[in-house]
Each structure stands twice: as structure tokens, then as C-alpha cells.
Amino acid sequence: MHLVSLAVTDFRNLASTVIELDPEGTTVITGLNGAGKTSLLEATAYLATLQSFRGSPKEALVRRGTERAILRAETRVEDRTLTIEAEIQATGRSRTQVNRQAVRRRGDLHEALRVTVFSPEDIGVVRAGPADRRRFLDETLAVVDPKAARSAEEVEKVLRQRAALLRGAGRTLRAETAATLDVWDSRLDESGSRLVEAREQLVGQLAPLVTEHYARLAGEHTEVGMAYVRSWTGPLLEALASARDKDVQRGVSTVGPHRDELELTLTGLPSRTHASQGEQRSLALALQLAAHQLATERLGSAPVLLLDDVFSELDPLRSRALLQGLPPGQAMLTTAQPAPPEVAAAKVYAVAEGGHVVATGGTV
């Protein structure tokens with residue numbers, strides 16, 4: 001699988017541009033900060049995931065003064081050419097198609113385009129709260145295990161419905177509320193249990209890979225710990241029943257996959273509070289490298305690699321270690337400064353002020 005071309009209209013600050021990518025090598029995108037180079041990576045990731053890797057709402061993706069953004073990509077999967085088209089509305093419902101067939105969920109894009117994203121914000125996986133670590137696991141599952149990813153979508157849907165019901169209960173558990181909660185709890189038990197089991201299995205697969213990559217990035221062997229911690233014990237359905245009175249009083253779901261934690265440690269100490277910034281950044285990179293490696297091994301080919309200005313945050317040792325840990329495959333790399341000499345640029349584009357994109361050659 002590789003990306004052949006990307007066309008962007010009215011996305012972020014990009015009015016209209018088309019780029020063609022090298023099928024096996026690295027396409028480098030240069031430009032000053034704020035010019036729009038990251039927007040090209042964000043557009044690519046949106047076509048694979050239906051969301052912004054920056055966490056931005058859809059209305060923020062549409063260029064100011066316009067009503068919609070249009071994204072179009074051609075991908076090559078073995079001997080087939082696929083076309084992904086997305087229309088992102090500033091207000092109203094957005095839509096996405098693959099070969100003119102409507103995409104109803106993220107999993108529908110799995111066979112058309114898969115990506116792995118590295119960005120300076122990845123350090124949040126280590127430094128921020130549990131939601132960032134759960135998101136990392138679920139985004140990795142979306143690439144390596146689409147069936148489990150569907151469970152994540154179902155859990156999100158059920159939790160929204162359950163939350164609305166709890167808020168509307170007014171801290172009073174009436175018979176009709178209890179009956180409806182029974183229905184949603186049964187569905188949450190089914191999909192939530194599947195999701196958590198998939199997350200736990202994923203952590204077990206990632207852990208040795210993370211240790212290996214961290215040792216190379218840090219230049220020394222370090223004990224890396226990864227432990228998935230559930231927010232309940234026993235069957236989920238029983239835990240939901242036990243927490244029901246508390247949930248009604250608080251108006252929120254207090255147990256479930258959305259409350260779980262992925263504990264990360266270095267030499268037995270919590271990395272979030274006891275690791276230095278350099279150690280945290282190395283661990284964040286090791287997590288992403290492990291996810292990319294697992295996806296490559298599981299799928300038989302590497303996802304399209306999106307490297308968003310990561311080398312500006314890394315010293316030469318970690319930059320070399322990052323590049324050495326990547327399997328061969330297609331990559332898009334943004335940089336505001338010269339890329340490391342180990343990067344062999346197959347194609348180079350420059351993004352000028354105002355979002356104007358021009359091809360500048362095959363070397364940085």
C-alpha cells in the first residue's frame with residue numbers, strides 16, 4: 001500500500017494544491033513554522049482516520065471564509081488504484097467516499113490507507129493524563145486490528161447514550177431509567193469487555209518492542225514497564241450494577257474502558273512524574289516505533305509514515321536512532337530546518353507563506 005497523490009482544497013490555510021509522492025521513499029515538505037506544511041500531513045491522516053491528529057474539531061479544518069474543505073487521495077494497493085474523497089463541512093455533516101462508495105466508519109478506510117503519525121505532541125502519551133494513553137492504544141488497534149477498533153466505536157456510542165440518560169435522570173433512579181440502563185449496560189459489557197481484552201493483548205505485544213526501541217534511543221538498556229489497569233474488577237456488567245447508584249448521583253459513568261489506565265514506568269518508577277523530559281520523549285518515540293513495527297509485521301507492509309517536524313525536538317543521537325528503527329516504506333516528513341543527513345529525500349516540496357506549495361527537487 002502506498003499513497004500516489006494528495007489534492008487539498010480549502011483545508012486549513014491551503015487554498016488549493018496537489019502533490020505526488022514517491023511510492024517507496026521519503027517525501028520531504030519544507031517551510032517556515034505556520035506556513036502549512038503540517039496541514040499536508042494532517043490532510044493525509046484525516047483520509048485514513050476521519051479525524052485530526054492534532055485533536056482539532058472539523059470546523060477548524062476548513063479554511064477561513066469558505067464553507068467546506070475537499071481532500072482527495074489516490075492510493076495503490078497491490079494492483080488496484082483506490083480514490084479516497086472527503087468533504088469536510090464547516091457546519092453540517094461531512095462525508096467521505098472510497099471509489100464513490102460512502103464510508104460510514106473509520107474501519108471502512110482500513111484497506112485504502114493506513115498511517116502512523118510521529119509529532120512533537122506525542123510526548124503527551126507519557127506526560128498527559130490516561131485519556132492520551134487510551135487514545136494511543138485505540139489508534140494502534142485501528143491500524144492492526146479493525147475488528148477491535150469497531151468495539152471502540154461501539155463503546156464510544158454506548159457511553160454517549162448512557163451519559164445522556166444519566167444526566168437526564170436528575171439524580172433519581174426511576175423504574176424507566178433503570179430499565180433503559182439495563183439495555184445500555186448489557187451493550188457496554190459486551191463491547192467494552194471485547195475492547196479491554198484487545199487493549200490488554202496489544203499491551204503484551206507492544207511491551208518487548210517498546211523496551212527494544214527505548215534501549216536504542218536512550219543508548220542503554222533500561223527497564224520499561226507497561227501495565228494495563230482496569231477501572232473495575234470482575235465482570236463489567238456486575239461492576240456497572242454496583243456503580244449504578246453512584247453513576248446516577250454523579251450523572252456520569254464511573255467504571256468502564258473509558259476510565260482505564262495504561263501505566264508506564266522506567267526502572268520501576270512512574271514515567272509521567274519521575275522521568276526527565278529527554279526520557280519521556282524517548283519513551284514516547286519508543287511507543288510509536290513499537291506500534292509502527294507491530295503494524296508492519298501484522299499487515300505485511302508498513303503504513304504510510306508521517307513525521308511532523310520531529311527532528312527539531314531530537315538530538316542527533318535520537319534522530320539517528322529513530323531513523324534506524326523504522327522499517328522500509330513510504331514516508332512524508334515536514335521540517336523547518338535541514339533534515340538529518342540520514343534522510344534520503346526522494347521528492348521535496350516547499351510550502352511558502354500563504355500555503356503555496358511548489359516542488360523543489362529530490363534533495364533537501
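No lab work stands behind these numbers, since they all come straight from the coordinates. This is a predicted model, so every value here is computed, not measured. Every residue, glycine among them, receives a Cβ derived from its backbone with ideal geometry; neighbour counts consider all protein chains shown.
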TODO: For the range 107-253, evaluate the Debye formula with one uniform point scatterer on each Cα (no solvent term) and list log10 I(q)/I(0) at q = 0.21 Å⁻¹, rounded to two decimals.
DONE: -1.33
Task: Cut-off under 5 Å, modelled amide H: who pairs with Gly31 long-range - done: Thr335, Val351
- [ ] Average the reciprocal distances over every distinct pair of alpha-carbons in the range 194-319, invert the result, and give the Kirkwood radius in Å.
- [x] 16.8 Å
Open item on the list: Among Pro208, Ala169, Ser193, which residue has its Cα furthest toward the positive end of the charge dipole of the range 160-217, with +1 on Lys/Arg Cβ and -1 on Asp/Glu Cβ?
Closed with: Ala169
TODO: Using only Cα atoms, tell me the angle between helix 37-49 and the longest principal axis of the chain; keep it within 0 to 90° and round to the nearest 10.
DONE: 50 degrees
- [ ] Compute the distance in nm between two label points, each set 7 Å from the Cα along the Cα-to-Cβ direction, one at Glu200 and one at Glu111.
- [x] 3.2 nm
Task: Cα gyration tensor, the range 206-279 - rounded (a/c under 1.5), prolate or oblate - done: prolate
Open item on the list: Show me, for the range 214-224, the HN-Hα J-couplings you get by feeding each phi into the Karplus relation (A = 6.51, B = -1.76, C = 1.60, θ = phi - 60°), rounded to Hz, glycine and proline as x.
Closed with: 5, 4, 5, 5, 7, x, 7, 6, 9, 6, 10
TODO: Measure nothing fancy, just the Cα-based angle from helix 146-168's long axis to the longest principal axis of the chain, in degrees from 0 to 90, nearest 10.
DONE: 50 degrees
Open item on the list: Starting from 0.36 nm per residue, how many nanometres of slack lie between Gln97 and Ala344 once their C-alpha separation is accounted for?
Closed with: 85.6 nm
TODO: Could you calculate the contour length gain from Ala131 to Arg104, that is, 0.36 nm times the residue separation minus the distance between their Cα atoms, to one decimal place in nm?
DONE: 7.3 nm
Open item on the list: What aspartates and glutamates does Lys347 reach when the alpha-carbon gap must be under 20 Å and sequence neighbours fewer than 8 apart in one chain are set aside?
Closed with: Glu20, Asp22, Glu24, Glu42, Glu74, Asp308, Asp309
Open item on the list: Show me, for the range 87-104, the HN-Hα J-couplings you get by feeding each phi into the Karplus relation (A = 6.51, B = -1.76, C = 1.60, θ = phi - 60°), rounded to Hz, glycine and proline as x.
Closed with: 10, 9, 8, 5, 9, x, 8, 8, 9, 9, 9, 10, 6, 6, 9, 5, 9, 9
Open item on the list: Let me check against my output: what whole-number percent is the relative contact order of the chain, with C-alpha pairs under 8 Å and at least 6 apart?
Closed with: 25 percent
Task: Per-pair calculated FRET efficiency, R0 = 22 Å: Ala336 and Val358 via Cβ, rounded to 0.05 - done: 0.85
TODO: Subtracting the Cα-Cα distance from 0.36 nm times the residue separation, let me have the gained length for Ser242 to Glu263 in nm, one decimal.
DONE: 5.0 nm
Task: Other-chain or far-sequence residues with amide H under 5 Å of Leu305's (modelled H) - done: Thr116, Gln330, Ala331, Met332
Task: Dipole magnitude (debye, nearest 20) for the chain, charges at Cβ of Lys, Arg, Asp, Glu - done: 1080 debye
TODO: Report, in cubic angstrom per residue, the convex hull volume of the C-alpha atoms of the range 258-364.
DONE: 171 Å³
- [ ] List, in order, the whole-Hz ³J(HN,Hα) value for each residue of the range 342-353 obtained from phi through the Karplus relation with A = 6.51, B = -1.76, C = 1.60 and θ = phi - 60°; use x for Gly and Pro.
- [x] 6, 7, 9, 7, 7, 9, 9, 10, 10, 9, 8, 4
- [ ] Return the lysines within reach of Lys58: Cα separation strictly under 29 angstrom, same-chain partners fewer than 8 residues apart disregarded; answer none if there are no such residues.
- [x] Lys37, Lys147, Lys157
Task: Electrostatic dipole magnitude of the range 224-311 [Cβ: Lys, Arg +1; Asp, Glu -1; Cα centre; debye, to 20] - done: 200 debye
Task: Relative packing of 326-333, 284-291, which averages over residues the other C-beta atoms within 10 Å, highest first - done: 284-291, 326-333
TODO: Return one number: the angle in degrees, 0 to 90 and rounded to the nearest 10, between the long axis of the Cα atoms of helix 236-250 and the longest principal axis of the Cα atoms of the chain.
DONE: 80 degrees
Open item on the list: Cross-link candidates for Lys246: which aspartates and glutamates have Cα within less than 16 Å, leaving aside residues fewer than 8 places away along the same chain?
Closed with: Asp182, Asp185, Glu238
- [ ] Could you order peptides 229-237, 310-318 by the average number of other Cβ atoms within 10 Å of their residues, highest first?
- [x] 310-318, 229-237
Open item on the list: Of the candidates Val18, Val117, Val155, which one comes out as most mobile in a Gaussian network treatment of the chain with C-alpha springs shorter than 10 Å?
Closed with: Val18
TODO: Sort the range 1-128 into rounded, prolate or oblate with this rule: let a ≥ b ≥ c be the square roots of the eigenvalues of the Cα gyration tensor; rounded if a/c is under 1.5, and if a/c is not under 1.5, prolate when a/b is larger than b/c, oblate otherwise.
DONE: rounded
